[in-house]
């Protein structure tokens, strides 16, 4: 390959100006990751999202270490009573199991997608979205209970350190937003699966890319559960 | 294995990991339910957390079957967060000690929020 051909990418790609040139320069025959384009981009997006959630959790760690008022005990704050004695963290435990179950159904959906099983894939994605929606519903219940019954605010709460409320609403709120967006994302892709869009396209890789996002939401919850609710 | 058509693995591996995540989540919950304290509690929380995260990334997100170029590009950069965590832990301790020092010297009680 001549020096000129190296500079211009491959010989058969025309050099463009303007916006087309931007796309061309970034994409012309310079592939690093030998995976579908959408998958590499989703991974890079998830990497950036990792840093956002990490900043939130590290900020939470910092204000919790430096709080002089006692930190409210999550085990008691998030206890729920079903007629009898309050059971610690029970709602959070149920939410955790629901999210893991949805991750399982999503993994199965990806698998059936690559088997070109259109209907099973769509149904599994629909179940995943429903489980995600029920997770958001339980989170709304949890927020309502905390705000209305327990008087937790982003700037104060009756149990102790004021930073508890601000970090709680910020971290779980941002995660809940991700779950909500994920539900919409899954429904859009599931509809396309159902109508045979990916059969005509010839590949179900979009289902796997959507799956990556969904598993990431579950992954973030693993860290929130450990650091915010259990620690 | 991973092919040009995408990731194809037997269903059973997903069911196994699914079950394993359930068991690990149950153990995590039991750490709180059994009211374990101190270093035992913290190390168990971290152990179950990293195991769950590892299985989700490796199997559900198919990272175990990806090429090394992608694995290092995605899993490498977050290691820098360890530095950030260390710095903020030191900073947090410093803020805490400064507050103890300053708040105890004030002739009045700092503003109480309601």
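The values are calculated or read from the model by the stated rules, or taken from the named source; none is laboratory data. Keep in mind it's a predicted model, so treat the numbers as computed, not measured. Positions of Cβ are generated from backbone atoms using ideal geometry, with glycine treated the same way; all protein chains shown enter the neighbour counts.
Does residue A:127 count as away from chain B (no Cβ under 11 Å) and either in a helix (DSSP H, G or I) or in contact with a helix residue (DSSP H, G or I) (Cβ under 7 Å, 6 or more places away or on another chain) (or both)? Walk me through it before giving the result.
Values: away from chain B (no Cβ under 11 Å): yes; either in a helix (DSSP H, G or I) or in contact with a helix residue (DSSP H, G or I) (Cβ under 7 Å, 6 or more places away or on another chain) (or both): yes.
Answer is yes for this residue.
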Exercise. What about residue B:93, is it under 17 Å from the mean Cα position of the chain (by Cα) and assigned to a helix (DSSP H, G or I)?
Worked result: no
For this session: Starting from residues that are at the interface with another protein chain (Cβ under 10 Å from one of its Cβ atoms) and in contact (Cβ under 8 Å) with a residue 40 or more places away in the chain, keep the ones in segment B:58-82 and report whichever is surrounded by the most Cβ atoms within 10 Å (Cβ to Cβ).
Result: B:60
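Is it the case, given these coordinates, that residue A:188 is under 16 Å from residue A:109 (Cα atoms), free of Cβ contacts under 8 Å to residues at least 24 places away in the same chain and either within 12 Å of the chain's Cα centre (by Cα) or surrounded by fewer than 17 Cβ atoms within 10 Å (Cβ to Cβ) (or both)? Give the derivation first.
Values: under 16 Å from residue A:109 (Cα atoms): yes; free of Cβ contacts under 8 Å to residues at least 24 places away in the same chain: yes; either within 12 Å of the chain's Cα centre (by Cα) or surrounded by fewer than 17 Cβ atoms within 10 Å (Cβ to Cβ) (or both): yes.
Considered against the rule, which asks whether it is under 16 Å from residue A:109 (Cα atoms), free of Cβ contacts under 8 Å to residues at least 24 places away in the same chain and either within 12 Å of the chain's Cα centre (by Cα) or surrounded by fewer than 17 Cβ atoms within 10 Å (Cβ to Cβ) (or both), residue A:188 comes out as yes.
Within segment A:8-26, does at least one residue satisfy the condition of being within 14 Å of another protein chain (Cβ to nearest Cβ), over 23 Å from residue B:61 (Cα atoms), modelled with pLDDT under 85 and not in a helix (DSSP H, G or I)? Quick ask: steps written out before the conclusion?
To start, the set of residues in segment A:8-26 that are within 14 Å of another protein chain (Cβ to nearest Cβ) comprises none.
Checked against the condition, which is being within 14 Å of another protein chain (Cβ to nearest Cβ), over 23 Å from residue B:61 (Cα atoms), modelled with pLDDT under 85 and not in a helix (DSSP H, G or I), segment A:8-26 yields no hits at all.
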Problem set entry | Where residue A:181 falls short, out of the listed (1) closer than 29 Å to residue A:90 by Cα; (2) touching a residue at least 40 places away in the same chain (Cβ under 8 Å) | (2)
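Could you tell me whether residue A:151 is within 14 Å of chain B (Cβ to nearest Cβ) and in a helix (DSSP H, G or I)?
Working: within 14 Å of chain B (Cβ to nearest Cβ): yes; in a helix (DSSP H, G or I): no.
Here the answer is no, as residue A:151 does not meet what is asked.
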Exercise. Failed condition for residue A:39, given (1) at pLDDT 90 or above; (2) within 10 Å of chain B (Cβ to nearest Cβ); (3) surrounded by fewer than 17 Cβ atoms within 10 Å (Cβ to Cβ), with all others met?
Worked result: (3)
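Could you list all residues from segment A:192-226 that are over 17 Å from the mean Cα position of the chain (by Cα) and in contact (Cβ under 8 Å) with a residue 12 or more places away in the chain? Let's see the steps before the verdict.
Restricting attention to segment A:192-226, the residues satisfying the condition of being over 17 Å from the mean Cα position of the chain (by Cα) are A:192-205.
Within segment A:192-226, A:192, A:193, A:194, A:196, A:198, A:199, A:203, A:204, A:205 meet the criteria.
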Exercise. Got at least one residue in segment A:177-191 being closer than 26 Å to residue A:119 by Cβ, away from chain B (no Cβ under 11 Å) and not in a helix (DSSP H, G or I)?
Worked result: no
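Conditions tested, residue by residue: (1) outside any helix (DSSP H, G or I); (2) at the interface with chain B (Cβ under 10 Å from one of its Cβ atoms); (3) surrounded by fewer than 24 Cβ atoms within 10 Å (Cβ to Cβ).
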residue	(1), (2), (3)
A:71	yes, no, yes
A:75	no, yes, yes
A:82	yes, no, yes
A:93	no, yes, yes
A:97	no, yes, yes
A:102	no, no, no
A:108	no, yes, yes
Exercise. What do you reckon, is residue A:57 facing chain B (nearest Cβ under 8 Å), modelled with pLDDT of 95 or more and assigned to a helix (DSSP H, G or I)?
Worked result: no
